[in-house]
Amino acid sequence: MACFRHLLVPLAMAAIGAVAVWAQPAAFKAGGKWVLRFEHDVDNESLELVDLQFPSPQRGIAVGLRTIKSRIKPVALVTSNGGKRWEWVNLDAPPVSLFFLDDSTGWLVTTKGLYQTVESGRSWKKRKAPKDILRVYFQTPERGWAIGLRKAFYETSDGGASWRRVEAAEKPEGRPEYTFYSWMTFANSKYGVVVGSARPPRPVRRQLPVWLDPESASRRRELPALAIMLQTNDGGNTWQHSVASLFGQITRLRVLGARGLGLFEFQNRFVYPSEVVRLDLDKGRSETVFHRKDRAVTDVIAFPDGTAYLAGYEPVGEIATLPVPGKLRMLTSTDPDWKHWVEMPADYRAVANRVVLAASDADNVWAATDTGMILKLEKSAASK
């Protein structure tokens, strides 16, 4: 596979000026619809789901914050029967992200540290972990990594009993207080990548929140930031870094062998709220395959059979970051190059500002929203 340092410049070019590719050929079938399997619709309550995992077709875990009047409770929702019934589990701290190694063993990163479950999320025990982490990734119960704020990148070989800093994470330029690593994935047991960003604060001005002053917010142009990639070819024993200045932040990187999908999201005024980029890791190339002004994509997922899905919402007005939920929008592609995307039917009640995707396999694909909804893709008979 090509080194990722040869990929960052094409990524930057793709995210700045490529022509959007979106079509809906009449002969292409969407292949299913997104059906609501859980909705938190209780008076004087709200539920913000921040992450979702389905390590097997039957077992799923969603985590978030449940607000009851003015009281905020960290919670998990767990199912052991494929989403037919969901049970509440109280958490000790606000959740940030989930990672599951199998259908029973998983880790939960919270604002107060790292927790582990061996009971599919029904109970959690706090584990030793470095500060400032946002996400973990484990290859085995013993071998794993943690990434996060202030250039945090650590590894463990004893299940988290001890952690060692990965020195390569310190090498990219950028002050630690403005630099973070936000996503990690492995294409196979040897080839892995971590993505991050160094984003100095904007010049200090007296600014009201976006929702109070949308006109002023619409004039805040997106500024370029330093994108960082760390890559390994030996299973995480050594890492090399590469950097490039580009617009937006890489928030997702889904890798399948020699190809994958990357998601750029933009914080301020930009041509599009997000862009999806197809990656050719062998050749070190990338190409924009989806962007639309009226679609804010917040997650992507792809499968070995070539099927891929985009999850997001339709922004209300011209500012995608307004805290007003928009209509849930789901898209799919089976095109070999992921250039042709089709809108999929979704429950008319589903709205969101963020959507996350999870799947145990290509036949069990799920989505969770920050408005307290969990949906499953119900495939049509023709698409199975």
Criterion: at pLDDT below 95 and within 18 Å of the chain's Cα centre (by Cα) - qualifying residue of Leu310, Leu253:
Leu253
Here's a check for you: in segment 268-295, which residue that is of a type in the set (A, V, I, L, M, F, W, C) and crowded, with 24+ Cβ neighbours inside 10 Å is farthest from His340 (Cα to Cα)?
Leu279
Only one of Val136, Val166 is crowded, with 21+ Cβ neighbours inside 10 Å, touching an Asp or Glu at 6+ places or on another chain (Cβ under 6 Å) and modelled with pLDDT of 95 or more; which?
Val166
Out of Ser80, Ser56, Ser70, I need the residue that is more than 27 Å from Ala146 (Cα to Cα), out of contact with any Phe, Trp or Tyr (no Cβ under 8 Å at 6 or more places or on another chain) and in contact (Cβ under 8 Å) with a residue 24 or more places away in the chain. Which one?
Ser80
Can you pull out the residues in segment 109-131 that are β-branched (Val, Ile, Thr) and crowded, with 21+ Cβ neighbours inside 10 Å?
Val109, Thr117
Residue that is farthest from the chain's Cα centre (by Cα), among those in segment 139-151 that are of a type outside the set (Lys, Arg) and crowded, with 21+ Cβ neighbours inside 10 Å:
Gly144
So which of Phe138, Phe153 ends up being among the hydrophobic types (A, V, I, L, M, F, W, C), within 29 Å of Trp239 (Cα to Cα) and in contact with a helix residue (DSSP H, G or I) (Cβ under 6 Å, 6 or more places away or on another chain)?
Phe153
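Return the total of residues in segment 145-164 being in a loop (DSSP other than H, G, I, E, B), of a type outside the set (D, E, K, R) and closer than 18 Å to Val193 by Cα. Write out each step before concluding.
Initial filter on segment 145-164 (in a loop (DSSP other than H, G, I, E, B)): 150-152, 157-163.
Applying the additional criterion that residues be of a type outside the set (D, E, K, R) yields 152, 157, 159-163.
Those left that are additionally closer than 18 Å to Val193 by Cα: 152.
Count: 1.
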Acidic (Asp, Glu) and not in a loop (DSSP other than H, G, I, E, B): does that describe Glu142?
no
Output for segment 355-384, where each listed residue is part of a loop (DSSP other than H, G, I, E, B) and surrounded by fewer than 19 Cβ atoms within 10 Å (Cβ to Cβ)
Ala362, Asp363, Ser380, Lys384
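The values are calculated or read from the model by the stated rules, or taken from the named source; none is laboratory data. Computed from a prediction, not measured in an experiment: that's the story for all the values here. When we count neighbours, we look across all protein chains shown, and the Cβ atoms used for this are built from the backbone with ideal geometry, even at glycine.
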